[in-house]
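Working notes, beginning with the structure itself.
The values are calculated or read from the model by the stated rules, or taken from the named source; none is laboratory data. All values derive from a computational prediction rather than experimental measurement. Note that each Cβ is placed from the backbone with ideal geometry, even for glycine, and that neighbours are counted across all protein chains shown. Note: accessible area is taken over every heavy atom of the protein model, side chains too, but ligands, DNA and RNA are not part of it. Shrake-Rupley method; radii C 1.70, N 1.55, O 1.52, S 1.80 Å.
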Amino acid sequence: MLLLRRMMLLLISALLVFPTMAQDAPTVAVLTPFLAQPGTQLMVEAFEASATDKGWDVTVIDTNEDIAALVSRMEDVVLQGVDAIVINVDPTQIAAGLQAAADAGIPVFGMDSGTDPLLATNVTSNGYSMAAETATYVVDRLNGEGNVVMFIFEPYPPVQKRGAIARAIFENTLDITIVDAITPSFDNGPLEGARNAMEAVLLANPEPGSISAVWAAWDDPALGALQAIEDAGRADEGIVIVGIDATEQARDAIAGGSNFEATVAQDFSGIAEKVVELIESHLAGEEITQVNHYISANLVTAADLAGE
Amino acid sequence: MTTQQSSSNKFKHRQLSVGGLMRRYGTLIGFLLVVAIFWWQKPQTFMTIPNWVNITRQVSILGVVAFAMTVVMVTGDFDLSVGSMASLAGIIAGLLFQQEQSLLVAVIAALMVGLVGGLINGILVSYIGISAFVATLGMLTVFRGLALYMSGGASIYGRAIPETFSNFGRGGFELGTLNEQRVFLPNLTILAAIIFIVVLILLGQTVLGRRLYAIGGNMEAARLGGVRVNPLRLLTFVFSGVGASIAGLMLFSRLSTAHPTQGEGLMLKAIAAVFLGMTMTEEGEPHVLGTLLGVLILGVLANGLTQLRIDTYIQEISTGVIIVLAVALSSLSHKQINILKPIQQFFRNSGSQAEARQLND
Amino acid sequence: MNFPEQTPLELSIYQANKAYNGIPALIDAQITLRGGEVHGLIGENGAGKSTLIKLLAGVLSPDSMRVTFNEQPVELKTPQDAYQLGLRFIHQELNIVPSLSVAENIFLSHPYPRIGGVFVNWRKLNQMAQDVLHQLGVYHINVRQNAAQLSSGDAMLMKIASAFIGDDFANLRQTGGLLYIMDEPTASLTNVEADILFDVIDTLRQQGCAVLYVTHRLNELFKIAQQITVMRDGEVVGSHQMTDVTADDLIREMTGREMENVYPPRAVEAKGAIRLEVQNFSTAHVHDINFTLREGEIVGIAGLNGSGRSELLQGLMGADARESGTIYLEGQRLPRLSPTLAWEYGIAYVPEERRSQGLILTQSIAHNITLPHLAETTHGMGLLNHSREHLISQETSHDVQLRAVNTHQRVKQLSGGNQQKVVFARTMVKQARVLLLDEPTRGIDVGAKFDIYSLMRQFSAQGVSILMVSSELDELINMCDRILIMRQHSFVDEVVPTGLNEETLLSLCYGNAGE
């Protein structure tokens, strides 16, 4: 009797599961408005590679900085009945989309996103610790004394965090002054925006040594600042530049022995792989309780790159 | 030598042929074709009530901007500042929410943004005589800068925003249940429909609308025929400004977030929608019904292509190709869709347009 | 292809047929142009003149056509063919680019002279443009000024000049074209400017060139043409030596009906009360205007182009701002007017350029008729009353004898005469008190002219006061009760037309009556 019941159960579950398993592999939609950003690109590519290895069907949707469109596209994939959604955007801005997914019972995973009750979980680097790494590097290099220019970006929480921590560290160091905290214009890309802003700062502070360091919340503005400093012929003043994210361009600049001295490498593929792993276990029916999963990041200097 | 040709017969036939139909109704046929393809490819999800409800909500904000833009374009002008005006309206409302002002105060203040912004645009264009292209391009930058400055570049979201406000953008009017799922007619769709009807009546059934079309048809003849051209042109900009503000509030409500640049994509899409609509009218003049179809085309394309899981960049390319194709097809039918009119006015002293068509013998 | 002067020159077209959408526009038309001869071509609007010219120009392809040049068969399939044969065209439309200089406009469809094949040789360009104007006998136009600043007459002279670039008037058949086709070139010219053109035509004829001259003005043909072809409904109905026919013969042939008089007689004498009184009226374009207008009176304004005639009407309409002066309408002092207010007071206006100032060509007849009267075409609350609009447009278009499919037809599909009738229908929606007419019959055929004159008589009989500006002196003399002479932005004289002839009136316009 018990055997019969078990056999029945197996049959039913086979009927239910098998067709879906055989006909379509799990479908996952990845939504981001920032695919043009190198970090996001790395992460999404790593995710696609890892998910495709598992035989999943992955769709990547980029809305080119348009959040409203992202919500619309999210509604579309919900309606289409994907098995899971991965977002790389501030969850508070897409509450309508998250609600649609929740109503349809589709889990949403944050990939370097943010914390939200409607997210199954979020995998990210610890922004606080990354900013602390580069800010303390600057403080150490200046021996706790000098004028620092900051490049920040408030609208995006993960980056905003970095600025807050770095600011706290600089303010906590008695002899360090923050000359300016600049949000670069995105009109022609943050690199160009930061470059223009830095040129203005250099013009306003013509004395050699009046600028000791540039701290950037990510690599693009650090590269822009580097260009401005080199073009102004002030590369030999020993201005220390640091960024975060360790993009290819940043690595080259650091390896080349320029003023750009350090950056932090987020483990983007690590984040992506963790998301894949979490989705897999969720699909297998496991409960995910942890709100955030942190993947550690490492400081990258010329010495680290010399070995590569 | 004798020249024997039978081109007149050919010409006559072509008027009634498939080609002729394509040119006149090409955009509509194309739209139906696109719908048919999506339906065939996604039989389970595309042609369903929830999906169409979805589409109407997704296009509602763009619709409001495009309907208001139609009014401006009827007189032959443009308003490039609608997108940044929408962002600014959202930011103003958000800041007032943060200062714990009431919902009513915030909404009225946001609407005032469009009213005042539209007034400035209108005065610049109709009284000072700057071309609409230049004036609204300049104001676009001003509004954008204001929105960034006032918000400090940061998004406004979180607990300060009243629940009634964010619920409006997500809620709707319950239509009933379908497959055990409740189906709502979204509030945003209802709001857009109301504005559509207002514009439809305004342009088609009122003296004001008739006068606006007269201005667009021949400004000098309208003026000499007793139409108060300047105040009416100004009014169209106020209309598009208020429309933009409403759209900005809708966007804010839908996202529960006011970002200083979140409305910027609206302007180009709204103009594209109006142009798509213009391809379907006899003389190539803007008509709000056409605009509605234009808005739906853009919405359906985005929705359907996403469902077909076509790369988003390919989506952009195909949307652009469809717009150009539609306008090209209809210009083959010798409609005068004068996309460059405001630009031409910029280069030319206005008023000296000698209509030089040779239609009478 | 150039021929020595002695060579005979003869271009013939036979069996030219052309139909638009199955409706024939040209049926077996034929015409022969000979060197040393000015050949007139007349016919009402829609008679097929323009179609014939477009076939000659190679811009339309005929359903059938045979062309011979000096008895050799030739082709006229493209504009290049026409140019190669030596055909040159002067069209009636003023296709000018206002933002370019006069010289650039003259060179609009010619290659610019260049330095080293790259840079425009402006000095030479201006010099050549000036030369061609001087050859025409035009000395008052500066080739460097913007075309926008030209009066419509000067703009036409500029257009005419562009047909003669690089030509030597002493030896035209070697350097220039052989056959000149002119489509209503005098439509926007004053008599003096027209005389300049007639001198040019005379030169062309003496040089042995052939001229085909299309016009609505018969008296011009008697002045310059030797041969005439009359068209009606797409067919050639007559071809004559100019010396063998009278104007009445030609009109009869053109219209297919007897027309005793082009000008309908006045039915009642206008001796009504003073309707409009204008005192010391000035705008930026007219100075110190004084006149009165009685009920039912038709008063003409004569003057040269640029004398301020049209500008006076615009000022009275409120389209140009009043700087000083007073206007009384039936004894009531009027406030500063705008076109909107003027229409409300019953001052109706038919502007000079019906296409650019009068009509919205892309819209329907009904929409054009009700435009100034929309406020009275509502259900209230600004909502349009479509049935009332339909009724109004039906009635008024019937009253002006408009020939159209229905009132929903687009105005651009109508002939010039019918377009002008739409503008007139607009003035009949509400009983006008004063009617301002600027060149009411410009560019329309004899039949439509008669209809418009009849309308004016009818208005006048109803007590409407009419102020009419016209360059057709004949029309002023035959239609008006009084004629005011305008010179240099002011009134200088007033005459009664009884017994007046055109020459006297013209010399009054020039201000040399006494000499």
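So for the stretch A:97-110 (the condition being among the aromatic types (Phe, Trp, Tyr) and open to solvent by 20 Å² or more (accessible area, probe 1.4 Å)), does at least one residue qualify? No, the stretch A:97-110 contains no residue that is among the aromatic types (Phe, Trp, Tyr) and open to solvent by 20 Å² or more (accessible area, probe 1.4 Å).
Does any residue in the stretch C:404-417 that is over 23 Å from C:Lys449 (Cβ atoms) come within less than 6 Å, Cβ to Cβ, of a residue that is part of a loop (DSSP other than H, G, I, E, B) and open to solvent by less than 70 Å² (accessible area, probe 1.4 Å) six or more places away or on a different chain, and which pairs are these? Note: no pairs meet the criteria.
Residue by residue through the stretch B:285-307, note down the ones that are small (Gly, Ala, Ser) and closer than 15 Å to B:Ile323 by Cα.
The answer is B:Gly290, B:Gly294, B:Gly299, B:Ala302.
Selection of the stretch B:126-156 for residues being of a type outside the set (A, V, I, L, M) and within 12 Å of chain A (Cβ to nearest Cβ) yields B:Thr141, B:Arg144, B:Gly145, B:Tyr149, B:Ser151, B:Gly152, B:Gly153, B:Ser155. The helices (runs of 4 or more DSSP H) located wholly in the stretch C:80-175 that include 2 or more residues which are aliphatic (A, V, I, L, M) and at pLDDT 85 or above occupy C:102-106, C:122-136, C:152-161.
Within the stretch B:314-325, is even one residue open to solvent by less than 20 Å² (accessible area, probe 1.4 Å) and in contact (Cβ under 8 Å) with a residue 24 or more places away in the chain? Taking every residue of the stretch B:314-325 in turn, none turns out to be open to solvent by less than 20 Å² (accessible area, probe 1.4 Å) and in contact (Cβ under 8 Å) with a residue 24 or more places away in the chain.
Taking the stretch A:23-35 as the range and being out of contact with any Gly (no Cβ under 9 Å at 6 or more places or on another chain) and open to solvent by 20 Å² or more (accessible area, probe 1.4 Å) as the test, the residues that pass are A:Gln23, A:Asp24, A:Phe34, A:Leu35. The sole residue among A:Val77, A:Val159, A:Val58, A:Val108 that is closer than 23 Å to A:Lys274 by Cβ, modelled with pLDDT under 90 and aliphatic (A, V, I, L, M) is A:Val159.
Residues that are at the interface with another protein chain (Cβ under 7 Å from one of its Cβ atoms) and modelled with pLDDT of 90 or more are absent from the stretch C:385-408 altogether. You will find that of B:Ala66, B:Ala93, B:Ala86, the residue that is within 12 Å of chain A (Cβ to nearest Cβ), modelled with pLDDT of 90 or more and crowded, with 24+ Cβ neighbours inside 10 Å is B:Ala86 and no other. Within the stretch B:275-282, the presence of a residue that is within 14 Å of the chain's Cα centre (by Cα), modelled with pLDDT of 90 or more, open to solvent by 40 Å² or more (accessible area, probe 1.4 Å) and more than 12 Å from chain A (Cβ to nearest Cβ) is excluded.
For a quick check of your reading: which helices (runs of 4 or more DSSP H) sit entirely within the stretch A:130-243 and have at least 3 residues that are outside the structural domain of A:Asp112 (by TED's automatic domain parsing) and farther than 29 Å from A:Thr115 by Cα? Qualifying helices (runs of 4 or more DSSP H): A:190-204, A:219-231.
Determine whether the stretch B:215-227 contains at least one residue that is within 9 Å of another protein chain (Cβ to nearest Cβ), within 21 Å of the chain's Cα centre (by Cα) and open to solvent by 10 Å² or more (accessible area, probe 1.4 Å). Checked against the condition, which is being within 9 Å of another protein chain (Cβ to nearest Cβ), within 21 Å of the chain's Cα centre (by Cα) and open to solvent by 10 Å² or more (accessible area, probe 1.4 Å), the stretch B:215-227 yields at least one hit.
For the stretch B:211-250, the set of residues classified as out of contact with any Ser or Thr (no Cβ under 6 Å at 6 or more places or on another chain) and assigned to a loop (DSSP other than H, G, I, E, B) consists of B:Asn218, B:Gly225, B:Val227, listed by residue number.
Open to solvent by 10 Å² or more (accessible area, probe 1.4 Å), part of a helix (DSSP H, G or I), of a type in the set (Asp, Glu) and within 28 Å of A:Phe153 (Cα to Cα) - does that describe any residue in the stretch A:276-294? The answer is no, given that none of the residues of the stretch A:276-294 is open to solvent by 10 Å² or more (accessible area, probe 1.4 Å), part of a helix (DSSP H, G or I), of a type in the set (Asp, Glu) and within 28 Å of A:Phe153 (Cα to Cα). Residue count for the stretch C:26-74 under the criterion of being over 15 Å from C:Val214 (Cβ atoms) and within 12 Å of chain B (Cβ to nearest Cβ): the result is 15.
Among the helices (runs of 4 or more DSSP H) confined to the stretch C:319-433, the ones with at least 2 residues that are buried (at least 20 other Cβ atoms within 10 Å of the Cβ) and charged (D, E, K, R) are located at C:416-427. Checking the structure you have, find out if any residue of the stretch A:118-139 is under 17 Å from B:Ser256 (Cβ atoms) and either modelled with pLDDT of 90 or more or aliphatic (A, V, I, L, M) (or both). Within the stretch A:118-139, one or more residues are under 17 Å from B:Ser256 (Cβ atoms) and either modelled with pLDDT of 90 or more or aliphatic (A, V, I, L, M) (or both).
Listed here are the residues, each with its yes/no results for (1) open to solvent by 50 Å² or more (accessible area, probe 1.4 Å); (2) closer than 23 Å to C:Gln174 by Cα; (3) in contact with a Leu (Cβ under 8 Å, 6 or more places away or on another chain); (4) in a strand (DSSP E or B).
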| site | (1), (2), (3), (4) |
| --- | --- |
| C:Lys18 | no, no, yes, yes |
| C:Ala25 | no, no, no, yes |
| C:Asp28 | yes, no, no, yes |
| C:Leu33 | no, yes, yes, yes |
| C:His39 | no, yes, yes, yes |
| C:Leu52 | no, no, yes, no |
| C:Met65 | no, no, yes, yes |
| C:Pro73 | yes, yes, no, yes |
| C:Lys77 | yes, no, no, no |
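Residues in the stretch C:287-318 that are touching a strand residue (DSSP E or B) at 6+ places or on another chain (Cβ under 7 Å), within 18 Å of C:Asp438 (Cβ to Cβ) and assigned to a loop (DSSP other than H, G, I, E, B): C:Glu297, C:Ser307, C:Gly308. Taking the stretch C:298-346 as the region of interest, how many residues are in contact with a Lys or Arg (Cβ under 8 Å, 6 or more places away or on another chain) and among the polar types (S, T, N, Q)? Count: 4. So which residues in the stretch C:478-509 are out of contact with any Asp or Glu (no Cβ under 7 Å at 6 or more places or on another chain) and either assigned to a loop (DSSP other than H, G, I, E, B) or under 24 Å from C:Gly416 (Cα atoms) (or both)? Matches in the stretch C:478-509: C:Asn478, C:Met479, C:Cys480, C:Gln488, C:His489, C:Val496, C:Pro497, C:Thr498, C:Gly499, C:Leu500, C:Asn501.
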